[in-house]
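First comes the structure, then the notes that go with it.
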Amino acid sequence: MIPICCIIRNCYFRNICYRPSKDILIKYLALPNLQLYRNSVISIINAKSIGRSTNTFAKYPKASVSSGTSIQLLQKDLTKSFEMENKAPKTHIKARSKPYPRSKEDRTPVKDDQVSWSVKFDQYEPHEYTSDTVSGKSGKPIPEWADTGKVSPKRFNTVDGDVNRISYHGTYDLDGSDRPKNPVGRTGISGRGCLGRWGPNHAADPIVTRWKRNEKGEKLQKDGKYILEFVAVQRTDNKEWAIPGGMVDPGENISATLRREFGEEALNSMQVSPKEKDRMLKAIDTVFNNGTLIYKGYVDDPRNTDNAWMETVAMNFHDDDGSSVGMLKLHAGSDAAGVKWMELNHELQLYASHVHFLEETAKKLNAYW
Ligand code: RP5
């Protein structure tokens with residue numbers, strides 16, 4: 001290893017690609033015994049202690065620390081700063097909406113000031129509900145995306161075989177029955193609802209954008225800012241418009257999910273001629289090779305319960321000159337009732353907390369909102 005003192009772009013901590021804050025970098029780059037590498041893995045030497053297999057990191061250059069004290073300090077500070085920078089949202093609204101999706105199940109009322117677990121709410125008796133599909137009571141086999149019954153408490157907050165049970169918001173607590181506790185708070189329903197996994201259910205959301213243009217190809221403006229459009233799909237379950245996101249399959253990496261979901265939902269990649277498919281894949285590759293992280297964490301999804309919830313990684317893939325994905329013909333896939341380019345603005349009404357991700361995207365690209 002060539003010892004170089006350089007800026008860390010990404011660290012892998014708790015299996016999450018993490019950018020340490022500037023303060024942390026300044027502090028640790030100043031440590032004489034610490035040698036860090038570009039795109040390095042912090043504490044590869046102690047990978048076991050943070051629950052990672054060293055294989056995951058094999059392709060990345062190692063961070064090397066010659067003093068044991070330094071690495072402990074570094075881990076402690078990284079944990080703290082990680083948890084501070086990845087705090088769960090303060091509340092949820094759609095996760096308290098009723099009836100529970102795809103059912104007639106009610107939710108026990110939870111007022112705004114009763115959401116947090118830290119607020120005393122002695123009378124709280126959530127309605128218990130796990131759908132027959134995920135519990136196996138429907139008579140059909142339990143789908144592969146769902147847990148088969150109770151999960152041993154030791155498996156929570158870990159990467160459990162192919163299933164990532166780690167939350168982007170740090171360690172989550174377990175309740176009296178050893179079931180994960182929603183990191184935001186009460187939802188009025190306990191059990192899994194229609195979600196497959198106890199605890200976090202990981203998804204990925206590709207926000208594919210282009211500039212809105214007129215027939216001449218000129219970019220359009222409002223209030224002195226260029227207007228963005230994104231690929232929106234209409235969900236089949238509730239007809240709400242959304243980002244074409246989807247669940248991360250067991251063992252799948254996030255970038256693969258982002259591409260797959262976009263192809264399946266917005267381009268219907270399965271049902272076009274091989275020639276058209278090839279053209280689409282090339283266009284997707286061009287744009288999908290350069291994504292910007294917009295959001296990583298809890299989604300205020302109507303399917304959330306006290307013991308199971310959605311988390312996502314939302315990435316923006318921007319086609320600046322509109323020459324790749326921006327030119328593709330959109331075809332709704334089997335999971336979508338419709339697909340279209342939709343303007344980004346403050347009036348958008350979308351599924352779950354997707355509006356929030358689009359607002360962030362508009363800010364990042366200095367676009368009209
Ligand atoms: C949301 O649910 C995520 O943000 C993602 O868009 C979506 C994934 O669930 P499915 O579309 O696969 O139902 O929470």
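Bear in mind these aren't lab numbers, they're just calculated from the coordinates by the rules spelled out. Please read these numbers as outputs of a predicted model, since none were measured by experiment. In this analysis, Cβ positions are derived from the backbone assuming ideal geometry, glycine residues included, and neighbour counts consider all displayed protein chains.
Taking other C-beta atoms within 10 angstrom as a stand-in for reagent exposure, 247, 327, 310 fall in the order 327, 247, 310, fewest first. Along its principal axes, the range 155-288 has C-alpha extents of 63, 42, 27 angstrom, given from the largest down.
With N the number of residues in the range 110-202, Rg(Cα) / (2.2 N^0.38 Å) evaluates to 1.13.
Counting other Cβ atoms within 10 Å as a rough exposure proxy, the listed residues 243, 142 run 142, 243 from fewest neighbours to most.
Amide H to amide H distances under 5 Å link residue 164 with 251, where only residues 5 or more positions off or on other chains count and H is placed in the peptide plane. If you bin all the Cα-Cα distances of the range 327-366 at 10 Å, starting from zero, the percentages per bin are 24, 45, 31, 1.
Modelled spin labels at residue 91 and residue 121, positioned 7 Å past Cα toward Cβ, are 1.1 nm from each other.
Longer than 22 Å from Cα to Cα, which of 90/239; 296/364; 225/364; 94/137; 219/363 are they? Say none if no pair is.
In this structure, 90/239; 94/137 exceed 22 Å between Cα atoms.
Mind sorting 189, 284 by how few other Cβ atoms lie within 10 Å of their own Cβ, fewest first?
Working: 189 29, 284 23.
Taking fewest neighbouring Cβ atoms as first place, the list is 284, 189.
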